[in-house]
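Shown next, in structure tokens, is the structure this report addresses.
The values are calculated or read from the model by the stated rules, or taken from the named source; none is laboratory data. On a predicted model such as this, the values are computed, not experimentally measured, just so you know. Every residue, glycine as well, gets a Cβ built from its backbone with ideal geometry; the counts of neighbours run over all protein chains shown.
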Amino acid sequence: MNIIVCVKLIPDPEAPPASFKIDTAANKVIPAAGVSLVISPFDEQAVEAALRLKDVNGGKVTVISLGMGLPRDVVKKPLAMGADELIILEDPAFEGGDSWSTAYALAMAIKKIGEFDVVLCGRQAGDWDAGQVGSGIAEFLGIPGITIAKKIEVNNGTAVVERVLSDGYEVIEAVLPALITVSNELGEPRFAALKGIMAAAKKQPVIWKPADIGVEPSKLGAAGRATKLVKLFQPVREGKCEIIEGENPAEAAEKLALRLREAKVI
Amino acid sequence: MSEAKGILIVGETIEEKIAPITAELLGCGRKLADELGEPLFGALIGSDVSGIAQELIALGADTVYTADNPILQNYQTDTYTQVMEKMCKDISPRYVLMGQTTIGRDLSPRLAFRLNTGLSTDCVDLKIDPQGKGLLQTRPVYGGNAQAIFAVENKYPQIATIRSKAFSPLAPDTTRQGNVIPVAIEIDTSKVKTKFVRKVKEEVTGVKLEDAKAVVTGGRGIGGPDGFKQLEELAAILGGAVGATRPPCDNAWVPSTWQVGLTGKIVTPELYIAVGVSGASQHLAGCSSAKNIVAINKDPDANIFKEARFGVVGDYKQVLPAFTQKIKSLLDK
Ligand SMILES: Cc1cc2nc3c(=O)[nH]c(=O)nc-3n(C[C@H](O)[C@H](O)[C@H](O)COP(=O)(O)OP(=O)(O)OC[C@H]3O[C@@H](n4cnc5c(N)ncnc54)[C@H](O)[C@@H]3O)c2cc1C
Ligand SMILES: Nc1ncnc2c1ncn2[C@@H]1O[C@H](COP(=O)(O)O)[C@@H](O)[C@H]1O
């Protein structure tokens, strides 16, 4: 079975909110000191989903990441976890895209790979939180898509997927090849074992440029966007919390309850 | 496509009734439609949905298009996208608005890519650009650490999904007049490559999290399923519901349907008590519109204290029992 996983590198989304700053004039996020790039968490779960499929069905897992200057130790993590190959779409023309141009580039790269049964994405990238690229790839490739999966099995050319709902889940089947986006309910991604890390260190990523996937630069990155970023800003937070103190925790607790009554909250 | 005109909102139902998000879509859509001086259309897709079309009109729609067919009973990407593609081609709306729901999250990107147009998901504000009448779409990004305004240039329809509870519905007016137009359904079954098998619903006992006036939320700091029993006790006294941050759900201390936040539920209760919650932006995305946030956390520097109105710094194991007792005695009086 051939499995493709799309993985994006983003600034650690769990960094303390206070470290987050933007340059309003340039409409850009200022990279915070000490905040490193990580694999977007849902994408790491997509890698895990791919490896679980490979564990059961055998086959090959190919990872694609689009981005410039991606730190190799981070982008190689899926290899260390057990993926077989890494392709990086690395060229200035790919930069500054939105979900539209990103999905297009990834779909064209997947076409170039040619043989695939399952394409996996994260449910949404942890930076822009759009949640569009997976469905976009499916649409460009003309294949079925199932979003927000928590469990994936493959039987006789059919994917059987549990899709998370707000009040439970639903079971959906799709004829392969299919695209599936993965949610955190899938479960923890595996750790990279030392053996995997050593093997990954030796593997070299394959680098593709626009010409390699047969696309004109005008349809890529910033030039190919369907949406325009008009403004990026940080909403102001008031932040005046009344801290209730007491001689001991129990007293503080009682005073809190009384204060809530006084403020007519309860 | 002829010249784009009007706004089309995609309605949803929950157990044969109009979903709250549909009323919010109509409230938001009506305002924009009046500003444009153009009509507000509603779409209802499903089986046996025509009966509630009139309710959409009472809530602000001028015309409701119904795609009513047993084949549409359950949401399926391939069938619903075909229906929406046809409706968009027939109606040629300027904007299409959906809810950021399990359906909207799936349907909106598929439709946008099929129609070769732009989409912004999870919007909390929508405005009309006075020049060119494009839709200015404001949405939280970076987990809620920032907001971005997006525009789509020269592509129609411009599509957006709206965050639950970000827009207000109108009061229903049953005297409002409007048209209900059934749409002929021709699903190309050769293009339906997914099959709905079954739905597994998690039963909710007591008040629903989304509707609760009081929510008691536990975070990783609760330490395990036992601690959540104490939160349930407090929630029961307040007549509210229990929520959770992601780690307790991921660790299976509580069901994943209890998750509040960007990828969980959006709640707007009068009182939100966050216990052992650090206040990550992705969590606050789901609760920052609560009227009063109360935080109990042992770390005085926890980010949750930046959002909370009242707080106690301390170990919840020592704070919560006395707090619950006192609340109980105050409410018993
Ligand atoms: C794309 C994306 C989407 C996400 N979506 C969501 C979402 O929808 N909802 C969500 O919740 N998270 C979401 N997250 C995860 C989020 O970033 C945080 O990791 C999560 O909210 C942290 O949960 P927490 O506050 O319970 O845990 P922690 O951050 O670990 O905080 C635990 C807190 O408990 C306190 N504590 C510990 N012991 C005690 C004690 N005995 N008494 C009192 N206090 C104590 C600590 O001081 C600490 O502040 C998302 C992340 C990403 C990247
Ligand atoms: N630059 C990228 N490189 C590889 N995969 C990506 C990239 N951007 C988005 N994706 C994939 O698409 C998913 C959804 O992204 P988005 O629509 O931007 O929220 C992510 O979780 C990834 O799986």
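Before moving on, here are some points about what is shown:
- Check on residue A:239, surrounded by fewer than 15 Cβ atoms within 10 Å (Cβ to Cβ) and in contact (Cβ under 8 Å) with a residue 40 or more places away in the chain: no
- Complete set of residues in region B:196-214 that are part of a strand (DSSP E or B) and either farther than 20 Å from residue A:168 by Cα or in the same structural domain as residue B:64 (by TED's automatic domain parsing) (or both): B:214
- Residue A:129 within 16 Å of ligand 1 (Cβ to nearest atom) and at pLDDT 95 or above: yes
- Near pairs, Cβ below 9 angstrom, 6+ apart or cross-chain, from region B:16-27 (touching a residue at least 12 places away in the same chain (Cβ under 8 Å)) to any residue that is in a loop (DSSP other than H, G, I, E, B) and of a type in the set (Lys, Arg): B:20/B:165; B:21/B:165; B:24/B:165
- Subset of region B:288-305 that is in contact with a Pro (Cβ under 8 Å, 6 or more places away or on another chain) and of a type outside the set (S, T, N, Q) - its residue that is farthest from the other protein chains (Cβ to nearest Cβ): B:290
- Meets criteria (more than 19 Å from residue A:209 (Cα to Cα), part of a loop (DSSP other than H, G, I, E, B) and within 13 Å of ligand 2 (Cβ to nearest atom)) for residue A:125: yes
- Summed over region A:182-232, the residues that are within 14 Å of chain B (Cβ to nearest Cβ), more than 14 Å from residue A:102 (Cβ to Cβ) and part of a loop (DSSP other than H, G, I, E, B) give a count of 4.
- Any hit, region A:74-87, residues being buried (at least 16 other Cβ atoms within 10 Å of the Cβ), within 13 Å of another protein chain (Cβ to nearest Cβ), assigned to a helix (DSSP H, G or I) and not small (Gly, Ala, Ser): no
- Selection within region A:1-47 - of a type in the set (A, V, I, L, M), within 10 Å of another protein chain (Cβ to nearest Cβ) and not in a helix (DSSP H, G or I): A:10, A:15, A:22, A:29
- Comparison of B:320, B:234 shows that the only residue that is more than 10 Å from every other protein chain (Cβ to nearest Cβ) and assigned to a helix (DSSP H, G or I) is B:234.
- Any hit, region B:163-182, residues being in contact with a strand residue (DSSP E or B) (Cβ under 6 Å, 6 or more places away or on another chain), within 18 Å of residue B:109 (Cβ to Cβ) and within 14 Å of chain A (Cβ to nearest Cβ): yes
- Considering (1) of a type outside the set (Asp, Glu); (2) in contact (Cβ under 8 Å) with a residue 24 or more places away in the chain; (3) within 16 Å of ligand 1 (Cβ to nearest atom); (4) in contact with a helix residue (DSSP H, G or I) (Cβ under 9 Å, 6 or more places away or on another chain), the lone condition that residue A:64 does not fulfil carries the number (3).
- Within the set B:79, B:121, the sole residue that is within 10 Å of chain A (Cβ to nearest Cβ), of a type in the set (Ser, Thr, Tyr) and in contact (Cβ under 8 Å) with a residue 12 or more places away in the chain turns out to be B:121.
- For region B:192-231, the set of residues classified as more than 12 Å from chain A (Cβ to nearest Cβ), away from ligand 1 (no atom under 16 Å from the Cβ), of a type in the set (S, T, N, Q) and surrounded by 13 or more Cβ atoms within 10 Å (Cβ to Cβ) is empty.
- Failed condition for residue B:252, given (1) more than 16 Å from ligand 2 (Cβ to nearest atom); (2) at the interface with another protein chain (Cβ under 9 Å from one of its Cβ atoms); (3) among the aliphatic types (A, V, I, L, M): (2)
- Number of the condition not met by residue B:302 [criteria: (1) near ligand 1 (Cβ under 8 Å from one of its atoms); (2) under 24 Å from residue B:164 (Cα atoms)]: (2)
- Applying the criterion of at least 3 residues that are surrounded by fewer than 18 Cβ atoms within 10 Å (Cβ to Cβ) to the helices (runs of 4 or more DSSP H) found wholly in region B:1-104 leaves B:20-36, B:77-91.
- So residue B:295, is it surrounded by 24 or more Cβ atoms within 10 Å (Cβ to Cβ), within 12 Å of ligand 1 (Cβ to nearest atom) and at pLDDT 95 or above: yes
- Pair list, Cβ under 8 Å, 6 or more apart: region B:271-284 residue facing chain A (nearest Cβ under 9 Å), other residue more than 6 Å from ligand 1 (Cβ to nearest atom) and assigned to a strand (DSSP E or B): B:271/B:214; B:271/B:215; B:271/B:292; B:271/B:294; B:279/B:295
- The single condition from (1) more than 7 Å from chain A (Cβ to nearest Cβ); (2) surrounded by fewer than 23 Cβ atoms within 10 Å (Cβ to Cβ); (3) within 30 Å of residue B:199 (Cα to Cα) that residue B:129 fails is (3).
- Scan of region B:178-218 for residues that are closer than 30 Å to residue B:39 by Cα and among the β-branched types (Val, Ile, Thr), ordered by number: B:180, B:181, B:183, B:185, B:187
- Considering residues of region A:129-158 that are more than 9 Å from every other protein chain (Cβ to nearest Cβ) and assigned to a strand (DSSP E or B) only, the residue surrounded by the most Cβ atoms within 10 Å (Cβ to Cβ): A:149
- Residue satisfying condition, being touching a helix residue (DSSP H, G or I) at 6+ places or on another chain (Cβ under 8 Å), within 10 Å of ligand 2 (Cβ to nearest atom) and either over 29 Å from residue B:146 (Cα atoms) or without any contact (Cβ under 8 Å) to a residue 24 or more places away in the chain (or both), within set A:109, A:103, A:200: A:109
- Selection status of residue A:164, more than 16 Å from ligand 1 (Cβ to nearest atom), among the β-branched types (Val, Ile, Thr) and either within 20 Å of the chain's Cα centre (by Cα) or assigned to a strand (DSSP E or B) (or both): no
- Residues in region A:167-181 that are facing chain B (nearest Cβ under 7 Å) and not in a strand (DSSP E or B): A:167 only.
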